[in-house]
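Let me begin by presenting the structure, written as structure tokens, before commenting on it.
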Amino acid sequence: AFADRLLLNKTDLVTEADLARIEARLRGINAFAPIRRCSRGDVSVDSVLNIHGFDLQRALQTNPQLLNPENAPTQHDKTVTSVSLDQGAPRHMRTVQKGDLDFELATDFLEYIAESQGEDIYRMKGVLAVAHSQQKYIYHAVHMTFSGGFEEAWQPGEPRESKMVFIGKGLDEQFLASTFNNCLATPENLTRKASTLRFKPGDAVECRTTGFDAEEGERWAAGTVVEVLHRADDMAPGEVAPYRVRLEDGSELTVLTDEGSEIVGANSHGDEEDGEEAGEGCEAQAAPQQQQQFRVQVPDGVHAGQAFPATVGGGHLIFQITVPPGHGPGSWLTVTAPVEATGGARAGGGAEGSGAAAAGNSAEGTHARTTHQAASEGEADHEADEASKRHKA
């Protein structure tokens with residue numbers, strides 16, 4: 001009501017009739033301030049700074065009780081707080097470590113916050129320094145509506161420092177800071193990320209190659225993994241491929257996702273097709289659900305009873321793994337997840353029970369849970385099987 005300028009942003013996303021309706025409502029709130037239409041916040045600095053626009057008499061016309069000391073004080077909701085993660089903050093105020101972020105880990109983190117806490121996140125915005133990118137990644141979100149992209153370039157001599165701001169209810173600053181640190185492109189974090197991939201260098205695989213034959217369908221080729229977490233100069237900003245594969249003809253192929261639709265173990269694709277041909281005319285039977293285990297390390301600052309996000313299956317996020325009693329920072333936990341015959345591990349829905357820490361997200365069809373290192377492999381598999389049966393029921 002007391003604004004000196006009103007900026008009506010995102011005007012490119014609505015019709016002229018919508019703009020007229022919104023401007024009429026704004027005029028009902030503030031009849032004096034000029035309204036400036038804009039898109040993506042493209043406004044000159046001179047139009048909003050040093051305009052000497054505040055007029056006390058005009059403000060009193062809007063609210064005659066503005067200077068009355070007997071007015072009831074403004075009531076603030078104490079559950080609403082803000083958290084700032086700033087790599088450029090003074091050392092005694094900085095809660096996060098310095099360094100570039102891994103783009104996949106960072107975007108998984110942001111997606112998790114938007115999906116799991118979206119109703120309580122009023123605003124989320126930031127500028128990220130991403131490894132393998134000369135451009136800043138700029139994002140903002142309101143509740144579950146997220147927008148982000150690589151925009152302006154880092155200038156020569158400009159510190160590559162990330163900044164994140166969260167405004168909302170029930171914010172856990174320690175959790176946000178520790179998860180941010182786990183997204184840094186450090187050797188330790190990248191080694192942990194590589195350990196979640198389904199294949200390692202030297203493994204024989206089959207890859208879906210480019211092109212499609214009308215008679216033969218998808219084309220697949222056999223090869224050997226020669227590199228994990230591969231990066232090339234011609235890739236998109238921040239992009240890192242799970243695999244680089246040398247095919248049998250000597251050529252090399254970059255595999256951009258650790259999914260069964262793109263890469264499988266040696267002979268898996270051919271066996272799958274043979275099975276389909278052999279099964280023609282027979283009653284379909286459900287394939288047994290396979291289990292896959294992953295090792296996940298508890299990050300610094302996270303203790304028993306606290307939750308943290310972790311990645312398995314080449315970057316797929318298992319949300320909120322709760323640390324079991326007796327474990328803490330640096331401990332290794334075992335995640336057991338049902339997987340598709342040719343697909344990567346997927347975490348889904350919540351799991352419950354004693355002796356295991358639950359983990360889940362909104363992905364479909366399966367469950368994942370962490371188990372005590374002391375638990376036997378058979379017990380872990382049995383628990384995951386039972387959880388999957390309960391989910392299907």
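Just so you know, all these numbers are worked out from the coordinates, no wet-lab data involved. Worth saying up front: this structure is predicted, and the values here are computed from it rather than measured. Reconstructed Cβ throughout: ideal geometry from the backbone, glycine too, with neighbour counts over all protein chains shown.
Could you rank the peptides 163-175, 95-107, 18-30, 225-237 by their average count of other C-beta atoms within 10 Å per residue, with the highest value first?
On the way: 163-175: 16.4, 95-107: 20.8, 18-30: 11.7, 225-237: 14.4.
Result, highest mean first: 95-107, 163-175, 225-237, 18-30.
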Worksheet item: So how far, in whole Å, is the C-alpha centre of segment 97-163 from the one of segment 62-80?
Response: 35 Å
Discussion item. Please compute, over every Cα-Cα pair in segment 34-162, the percentage with a separation greater than 23 angstrom.
Written reply: 57 percent
Worksheet entry | Residue-wise HN-Hα coupling along segment 262-268, computed from phi with Karplus coefficients 6.51, -1.76, 1.60 (Hz; x: Gly, Pro) | 10, 8, 9, x, 4, 6, 5
Item to complete: Hey, can you grab everything whose amide H is under 5 Å from the amide H of E227? Only 5+ residues off in sequence or another chain; H modelled, so Pro and N-termini drop out.
Response: R244
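Please report, in debye to the nearest 20, how large the charge dipole of segment 136-196 is about its Cα centre when each Lys and Arg carries +1 at its beta carbon and each Asp and Glu carries -1 there.
On the way: 6 positive and 7 negative charges, 35 e Å.
Using only the charged Cβ atoms, the result is roughly 160 debye.
On a full-extension model of 0.36 nm per residue, what is the gain between S116 and H303, subtracting their alpha-carbon distance, rounded to one decimal in nm? Let's see the in-between values first.
Working: separation 187, 0.36 × 187 = 67.32 nm, distance 2.07 nm.
Between S116 and H303, full extension yields an extra 65.2 nm.
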Worksheet, complete the sentence: Sorted by chain and number, the residues with a modelled amide H under 5 Å from that of T209, at a separation of 5 or more or across chains, are R219, W220, A221
Fill in: Estimated vicinal HN-Hα couplings, Hz - segment 80-91 in sequence order (Karplus 6.51, -1.76, 1.60; Gly, Pro = x)
8, 9, 10, 10, 10, 10, 10, 5, x, 5, x, 4
Worksheet entry | Under 5 Å, built H, 5+ apart or other chain: amide partners of A33 | none
